Amino acid sequence: MQRLRRAKVRVTPARRALLAVLRDPARRHPSAADLAAAVQQALPDVHLSTIYRSLESLEELGIVDHVHLGHGRAIYHLADEPHQHLVCDRCGTVIEVPDDVFAEVAATVRRAYGFTIRPHHFAMLGRCAACAQQEPPAHDPAAGEGGAAGEGGAAGVGGGPATGVPLTTGVRAPRASRDRGPAPPAGAATRRDAGRPPPAPPRSGPRPAPSR
C-alpha cells in the first residue's frame, strides 16, 4: 500500500483485494483467473474488467510480476519476493528456487553475447526428482557396436552383419565363361572343328630331296 501511495496511485478496493490475495500463503501461484475469482468472491460488486485493469496497473508499477510456466498459464506474485521457478513437464510440480540460481547463466550470456536475459518471466522446464526416478535409464548408443563376430562366422566387411558365409568379391567372371559356359578341357574338339579330317601325323626319318 505504501508503494501505491508513493506513486500517487489511488488505493481502490480492487487493488487492495488483489494485493491481499497475493499475500495469502494458501494461494500459491495464482493465475489471472484465480485472482479475479478470489476478488469477486470478496467483492461481488466489482466488475471483472475492473479487476483485470487493476492487475495490469499493479504490474506496470512494478508491484506485481508474472511468470509463464512453460506452455501453460501465467502466474502472478509480488515483485518484492523475487525467485525463480522450476516446472516439471510431466506432473506439473512448481518449485520455487532462490533468485540467484541463474545469476551465473545470466552473467555468461551478457558477457558472451551482450544480451541481458529476464529469467523472472519464464520458468525452467524439466523433470522433478520423483518423475526422474521413474524414467528408464538412458540408452547408450555405443552399446552393442564394435563389429563383433557372430556365431559361426566373422563380422561382415565394412561393418556388415556376420552370417558365417564368405562374402563374394566384386570380380566378374570372364566373358567366355559367362556367354558359352565352362571352358572345354585341354585337347577336346570344339564345334568349329567338327567334320574336319584329323591332321596327318608327322613323318619320321629324313625328308626326300626335291627333284630338279
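Here, each number is a calculation from the coordinates, and none is a lab measurement. None of these values were measured; they are calculated from a predicted model. Cβ: placed from backbone, ideal geometry, glycine included. Neighbour counts: every protein chain shown.
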Worksheet item: Is it true that Val87 is among the β-branched types (Val, Ile, Thr) and either surrounded by fewer than 13 Cβ atoms within 10 Å (Cβ to Cβ) or assigned to a helix (DSSP H, G or I) (or both)?
Response: no
Response to the item:
Of (1) under 20 Å from Glu96 (Cα atoms); (2) surrounded by fewer than 15 Cβ atoms within 10 Å (Cβ to Cβ), Ser31 satisfies every one except (2)
Item to complete: Would you please list the contacts, defined by Cβ atoms under 6 Å and residues six or more apart or on different chains, that run from a residue in the range 88-117 that is in contact (Cβ under 8 Å) with a residue 12 or more places away in the chain to a residue that is surrounded by 12 or more Cβ atoms within 10 Å (Cβ to Cβ) and among the small types (Gly, Ala, Ser)?
Response: Ile117/Ala106
